[in-house]
Amino acid sequence: MAYQILSDCINCDMCAPECPNGAISLQPVPVAPGSTSSKKIFQIDPELCTECAGFYTEPTCVDVCPIDVVIKA
């Protein structure tokens, strides 16, 4: 099971460099329903996320997030 980053992400870029699988990248998300504008937040690709198995004892994205917006999907 992968993790996900909530829309409250502040784009601090603490998680992406720590991901051993390259599963975290900056992606656009809609700002409001029907809006053509968007903001970008970091998101985790569930196909690449291994929860850091084989690298760390705990998912490193969770450990480094300063505002606790990384949760189990």
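For this structure, a couple of remarks:
- The length gained by stretching the chain between Glu47 and Asn11 to full extension, at 0.36 nm per residue less their Cα-Cα distance, is 10.8 nm.
- For the chain, calculated [θ]222 nm from helices alone, where every DSSP H run of n ≥ 4 adds -39500 (n - 2.57): -1500 deg cm²/dmol
- Each of Ile24, Pro66, Ser35 was placed along the dipole of the chain (beta-carbon charges, centred on the mean Cα), and the one lying farthest toward the positive end is Ser35.
- Carbon/sulfur fraction of accessible area - the chain, other protein chains in place, 1.4 Å, %: 54
- When the GluC sites (Glu not before Pro) in the chain are filtered for DSSP coil states and for at most 14 other beta-carbon atoms within 10 Å of their beta-carbon, the remaining sites are Glu47.
- Viscosity 1.567 mPa s, 4 °C: Kirkwood-radius Stokes-Einstein D of the chain over Cα pairs, µm²/s: 103
- Comparing mean-square fluctuations of Ala32, Ala23, Ala53 from a GNM of the chain with C-alpha springs under 10 Å, the top value falls on Ala32.
- Rolling a 1.4 Å probe across the protein heavy atoms gives segment 22-73 an accessible surface of 66 Å² per residue.
The values are calculated or read from the model by the stated rules, or taken from the named source; none is laboratory data. Quantities reported herein were computed from a predicted structural model and do not represent experimental measurements. A quick note on method: Cβ atoms are made from the backbone with ideal geometry, for glycine too, and the neighbour counts reach across all protein chains shown. Only protein heavy atoms, including side chains, enter the accessible area calculation; ligands, DNA and RNA are left aside. Shrake-Rupley method; radii C 1.70, N 1.55, O 1.52, S 1.80 Å.
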